[in-house]
Amino acid sequence: MIKQVVRLGDLLIDKGLITQDQLMHVLSLQKESNFTKKLGELLIQEGYVTYKEIARELSSQLNIEFIDIYGEELDFKLISRYPMHVLENAEAIPLREDDEYIYIATSNPLNYDALEALEHIVISKPIKLLLALDEDVRNIFQRIEIIQNTKTIAEEVKREISDEAYKSDNDESAVMRLITLIIKDAIIRNASDIHIEPDAHEVSVRCRVDGILHEIFVFELAIYNAIASRIKILGNLDISERRKAQDGRFSMEIDKGLYDFRLSTTPTFFGESIVMRILDQQKILLKLIDLGLEDENLSVFENIINSPFGIVLITGPTGSGKTTTLYAALNEIKSLENKILTVEDPIEYQLPLVQQVQVNEKVGFGFFAALKSFLRQDPDVIMVGEIRDMETLNAAAQASLTGHLVFSTLHTNDAPSAISRMVQMGLEPYLIADSLLAVVAQRLVRKNCEYCKVEYKPHKNLLAKVAPYVSTAPLFYKGKGCPKCNMSGYSGRLMIVEILQISDTVSLMISNNASKFEIAKTAQEEGMFTPMVADGVKKALQGIIPLEEVMRVTKG
């Protein structure tokens, strides 16, 4: 292998990514660590550059092709020629070979000694390096380990499938035990969803933990049909129908705990994508204080939900915790003295002292029809799972104007946008002004693991974005990964919010068709609105979340 002398620090200075002073600072840190840390690692740690920036410059300087490793099919026969510890030491994955070369993706092309050790293992052909992201290479190593660990289970399932005595509805079958294992593993990880996804060569099982998907199992395609059919039987779906989406529900007792599962199947190019939402009945009876609201926002929200009438909208994308916030609000105000009616699609959790209604579009009983019937039921509080059309929106506005407190959700990116969305849907501005009480926009962000969080320095560009919300010398914290958090650095999630209260001034502006920017500016000047990024940065400064999480879900 031909070694090229590349001084990474000088290269990054030439490209204007770091300064000479920053390089000298990092070199001193490297000396303090007794040279146990790499220069690039320290540059990233200090927030001067990102790994992608380093990789891009190395690719250009070394004339090594940059590759998306996920676009490549893994050749396990080729990988098996190399001892795993040698591959991990070289931070390299053998991808493929042709008549001339063995192509190896590495995240560290300057690690010449380790790469030469690879070249000496298989001497039939020279290696040709490809550059890949460090995170991608580490994830592929994890995937290889998962595949090796699940081979035994997959073989047992294949044997039972080929056995004439095998029946997919047998609770003791290998397939059912495999499904139970997948579900148990997801529950142990505190996952919210399980995704089973086939592709051209294998089946990937991923879990959404704290809002992020993690691959936990990889199986051969041969056992996919058995898994899919058994899950569809559990959810009372048509196992012969694979051309259209289906929805179902089932319950299972796992380790003496009862869990509900909301099942969804969607046909894809390689088969049906199956998603199971895990619903733990014990987790929904949250109090508002458990949501992670700051004291000021908590006080404002408590005042809003105890209002006698008006519309309270919870906004945010799918998976931002809107339903949990609605349930926590209803749980806070429910009592024997008021009547609460909800219409949902679907009903995810059962709440005491609350009358819950399931949408049934097949018989024409949608949100609008349910809302009309509610007004004859003498309710005090109404919750509409989602406002999807003009009829439902108008009915909600009329209900609020006739003395009801109405909760609902809307899909918008921020709180002021909800007003524009309501106008676009066709509701007259004066009705919005008269009926709207407040808009709460929210996102869920991952919390630092309390067992392994350490002080760190975010990237300089990130700090520039939040400069208006921080002091001159802010301290930030981030989990470095430990066994308690499954080496992720995160444990649990909390909410960051922005609450737009509709004051008399803002109400008048809405009637006069003011833009969302004018409304946001005026509300902020009145102290009736604070942007979500400010709430997030405040929690980051408290060490609860890393700053990257704030910028991941807000515009900054």
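Provide the gained length on full extension for the span residue 487 to residue 515, in nm with one decimal, where the gain is 0.36 nm per separating residue minus the Cα-Cα distance. Walk me through the numbers before you get to the answer.
On the way: separation 28, 0.36 × 28 = 10.08 nm, distance 4.55 nm.
Full extension from residue 487 to residue 515 adds 5.5 nm.
Find the relative contact order for the chain and round it to a whole percent, using C-alpha pairs within less than 8 Å whose residues are 6+ positions apart. Don't skip to the end; give the middle numbers.
Numbers: 939 pairs, mean separation 52.2, N = 556.
Rounded, it is 9 percent for the chain.
What whole-number value in cubic angstrom gives the convex hull volume per residue for the C-alpha atoms of the stretch 23-141? The partial results should precede the final answer.
Values: hull volume 13.3 nm³, N = 119.
Per residue, the Cα convex hull of the stretch 23-141 comes to 112 Å³.
Restricting to the chain, compute how many DSSP beta bridges are antiparallel as a %, nearest 5.
On the way: 57 of 86 bridges.
The answer is about 65 percent antiparallel.
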Practice task
Any chance you could give the angle, 0 to 90 degrees and rounded to 10, that helix 20-32 forms with the longest Cα principal axis of the chain?
Solution key: 70 degrees
Handout entry: Rounded to 5, percent antiparallel among DSSP beta bridges of the stretch 265-359
Key = 50 percent
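So if we plug the beta-carbon distance of residue 420 and residue 525 into 1/(1 + (r/R0)^6) with R0 = 25 Å, what FRET efficiency do we get, rounded to 0.05?
Working: r = 20 Å, r/R0 = 0.79.
Once rounded, the FRET efficiency stands at 0.80.
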Handout entry: Rotationally averaged projected area of the stretch 466-515 (alpha carbon convex hull; nm²)
Key = 6.6 nm²
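Enter the accessible area per residue of the chain (Å², integer; probe 1.4 Å; all protein chains in place). Show your work: numbers first, answer last.
Values: 27670 Å² over 556 residues.
Counting only protein heavy atoms, the per-residue value for the chain is 50 Å².
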Fill in the blank from the handout: Relative contact order of the stretch 314-413 (C-alpha contacts under 8 Å, at least 6 apart) in percent is 32 percent
Handout entry: Calculated diffusion of the chain, Stokes-Einstein form, Kirkwood radius summed over Cα pairs, 25 °C and 0.890 mPa s, µm²/s
Key = 91 µm²/s
Problem - At R0 = 56 Å, FRET efficiency that the Cβ-Cβ distance of residue 239 and residue 296 yields, to 0.05 - result: 0.60
Practice task
Specify the angular offset, from 0 to 90 degrees and rounded to the nearest 10, of the alpha carbon long axis of helix 112-121 from the longest principal axis of the alpha carbons in the chain.
Solution key: 70 degrees
Exercise for the section: Normalise the Debye intensity by I(0) for the stretch 265-411, one equal point scatterer per Cα, no solvent, then take log10 at q = 0.10 Å⁻¹ and round to two decimals. Expected result: -0.37
Handout entry: Isotropically averaged projected area of the stretch 317-386, using the convex hull of Cα atoms (one quarter of hull area), nm²
Key = 5.0 nm²
Problem - DSSP-loop GluC sites (Glu not before Pro) across the stretch 80-111, with at most 13 other Cβ within 10 angstrom - result: 100
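Just the number, please: Stokes-Einstein D of the stretch 179-255 in µm²/s, Kirkwood Rh from C-alpha pairs, 10 °C, 1.306 mPa s.
Details: Rh = 13.4 Å.
Value of D from the Cα-based Kirkwood radius: 118 µm²/s.
Tell me, what is a quarter of the convex hull surface for the C-alpha atoms of the stretch 402-445, in nm² with one decimal?
Numbers: hull surface 14.4 nm².
Reported value for the Cα convex hull: 3.6 nm².
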Exercise for the section: Give a residue-ordered list of calculated ³J(HN,Hα) values for the stretch 536-544 (Karplus: 6.51 cos²θ - 1.76 cosθ + 1.60, θ = phi - 60°; whole Hz; x for Gly, Pro). Expected result: x, 5, 4, 5, 5, 5, 7, x, 6
Practice task
Mind putting together the pair-distance distribution for the stretch 370-418? All Cα pairs, 10 Å bins, whole percent per bin, short to long.
Solution key: 25, 56, 17, 2
Exercise for the section: From zero up to wherever the largest Cα-Cα distance of the stretch 181-332 sits, split into 10 Å bins and tell me the percent of pairs in each. Expected result: 10, 33, 29, 18, 9, 2
Handout entry: Equivalent ellipsoid semi-axes, the stretch 378-474, via Cα gyration tensor eigenvalues times 5, rooted, Å
Key = 39, 17, 12
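Keeping all protein chains in place and using 1.4 angstrom, which order do 345, 378, 99 fall into by accessible surface area, from largest down? Walk me through the intermediate numbers first.
Numbers: 345 70, 378 120, 99 150 Å².
The ranking, largest first, comes out as 99, 378, 345.
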Completion exercise
Simple spin-label estimate for residue 402/residue 373, 7 Å along Cα→Cβ, in nm, reads 1.6 nm
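Probe radius 1.4 Å, ligands and nucleic acids ignored: give me the carbon and sulfur share of the accessible area of the chain as a rounded percent.
Working: 13450 of 27670 Å².
Carbon and sulfur atoms account for 49 percent of the accessible area of the chain.
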Completion exercise
Relative contact order in percent for the stretch 155-269 (Cα pairs under 8 Å, 6+ apart) equals 16 percent
Completion exercise
Correct semi-axes for the stretch 168-218, from √(5λ) of the alpha-carbon gyration tensor and rounded to whole Å with the largest first, are 20, 15, 7
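Classify the stretch 340-379 as rounded, prolate or oblate, taking a ≥ b ≥ c as the square roots of the eigenvalues of its Cα gyration tensor: rounded when a/c is under 1.5, otherwise prolate if a/b is larger than b/c and oblate if not.
Working: a/c = 3.16, a/b = 1.14, b/c = 2.78.
In terms of gyration-tensor shape, oblate.
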Practice task
Under 1.5 on a/c is rounded, so check that first for the stretch 288-330, then, if it is not, pick prolate when a/b is larger than b/c and oblate when it is not; a ≥ b ≥ c are the square roots of the alpha carbon gyration tensor eigenvalues.
Solution key: oblate
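Give a quick list of GluC sites (Glu not before Pro) in the stretch 1-82 that DSSP marks as loop, anything other than H, G, I, E or B, with at most 14 other Cβ atoms within 10 Å.
65, 73
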Handout entry: With DNA, RNA and ligands ignored, accessible area of residue 538 (1.4 Å probe; Å², nearest 10)
Key = 90 Å²
Practice task
For the stretch 97-243, just the Cα atoms, rotate onto the principal axes and tell me the three extents in Å, largest first.
Solution key: 56, 39, 29
Problem - Simple spin-label estimate for residue 470 and residue 59 in nanometres, 7 Å along Cα-Cβ - result: 2.8 nm
Problem - Label zone at residue 428, where the point sits 7 Å out along the Cα-to-Cβ direction: the stretch 381-410 residues whose backbone N lies under 20 Å - result: 389-404
Fill in the blank from the handout: As straight-line cross-link partners of residue 339, the qualifying aspartates and glutamates (C-alpha separation under 15 Å, not fewer than 8 residues apart within one chain) are 378, 380
Completion exercise
In degrees rounded to 10, the 0-90 angle between helix 415-425 Cα long axis and the longest Cα principal axis of the chain is 70 degrees
Completion exercise
By the rule of another cysteine's Cβ lying under 4.7 Å, the cysteines of the chain that fail to get a partner are 207
Handout entry: Label-point separation, residue 68 to residue 508 (7 Å along Cα→Cβ), nm
Key = 5.3 nm
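The values are calculated or read from the model by the stated rules, or taken from the named source; none is laboratory data. Given the structure is predicted, the values throughout are model-derived calculations rather than measurements. Neighbour counts are summed over all protein chains in view; Cβ atoms, including those assigned to glycine, are modelled from backbone coordinates with ideal geometry. Please note that ligands, DNA and RNA were not included when accessible areas were found on the heavy atoms of the full protein model with its side chains. Shrake-Rupley method; radii C 1.70, N 1.55, O 1.52, S 1.80 Å.
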